[in-house]
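Notes follow once the structure below has been shown.
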Amino acid sequence: MKNEEMPTVSEIIDRLKLFYGYKFDTQVARRLGLSDGSAIGNWRRRNSIDILLVAEHCPDVNYDWLLWGRGTQTASSAERRTMTAEDFAYLQKTGIPRERIITLVNEALERYLLKQKKDESEEDEDYESGSDGA
């Protein structure tokens, strides 16, 4: 398995465009219920995305593919993740601001990725030391 880096927001947006057959950021913005494409441009410039909004409006996308480019583009019914009105109501009840939730999700993804890299590195070291002794 190759080492992977955290995807850029531009990569994620470009994959959304590929998935839906869009040519323009404004089409992605409309899909996400945004009033214009400037939010997408801002996301690209800041390298920050409202992943909850993407989850809410793009339930058919395989998130493994969307984030890492792995697997198929379309999520199976078991993989579909949708944000329901109940999910949003729960998040509102927590009192955590939406921007903070987005930050927490991004931080969790980074921690996961770093752990995955560490685990893969250790597996590579184990394999290399095992093959040297054979």
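Results, tabulated for the structure shown:
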quantity: Qualifying helices (runs of 4 or more DSSP H) (wholly inside the range 43-134; at least 2 residues being surrounded by 11 or more Cβ atoms within 10 Å (Cβ to Cβ), touching a Ser or Thr at 6+ places or on another chain (Cβ under 8 Å) and at pLDDT below 70); calculated: 98-132
quantity: Residue match in the range 3-13 (condition: among the polar types (S, T, N, Q), surrounded by fewer than 18 Cβ atoms within 10 Å (Cβ to Cβ) and either assigned to a strand (DSSP E or B) or more than 13 Å from the chain's Cα centre (by Cα) (or both)); calculated: yes
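The values are calculated or read from the model by the stated rules, or taken from the named source; none is laboratory data. A quick note: this is a predicted structure, and the numbers were derived from the prediction, not measured. When we count neighbours, we look across all protein chains shown, and the Cβ atoms used for this are built from the backbone with ideal geometry, even at glycine.
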